[in-house]
Amino acid sequence: MNTMSTHKDLKTLPLVKGLSHYAEITSRVAVVTVSVVAILAVPAYFLDNYLGTFPWIFICALLVSMPVSLYMTYKVILDLIKRNLKD
């Protein structure tokens, strides 16, 4: 009898399924949050330096990125819930 589990056998365990689900949620939310902040803050930083208004446009971009990031996180979570209800 082989006591070593294969990778396929591990995916059928409830604990591993649950942990992989949480890891997927965490990674998708992290990517969305970092992407939104980077897309808004990086150009604002350079625009601030170009116009000589640092840090005002940068701060405004960070303030705008917060609700946008929350909304995008909400959409990601809804998408994952819908997908899991189909399975």
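Each reported figure results from applying straightforward, stated rules to the coordinates on display, with no laboratory input. Computed from a prediction, not measured in an experiment: that's the story for all the values here. Positions of Cβ are backbone-derived with ideal geometry, glycine not excepted, and every protein chain shown enters the neighbour counts.
At 0.36 nm per residue, minus the direct Cα-Cα distance, what do Ala30 and Val64 gain on full extension? Give it in nm, one decimal, please. Spell out each step's value before the answer.
On the way: separation 34, 0.36 × 34 = 12.24 nm, distance 1.74 nm.
Taking 0.36 nm per residue and subtracting the Cα distance, the gain is 10.5 nm.
Just subtract the alpha-carbon distance of Lys86 and Phe46 from 0.36 nm times their residue separation and send over the number in nm, one decimal. The partial results should precede the final answer.
Values: separation 40, 0.36 × 40 = 14.40 nm, distance 4.45 nm.
Going from the current span to full extension adds 10.0 nm.
Could the peptides 62-69, 19-26 be put in order, highest first, of the mean number of other beta-carbon atoms found within 10 Å of their residues?
On the way: 62-69: 14.4, 19-26: 11.2.
Most protected by this proxy first, the peptides run 62-69, 19-26.
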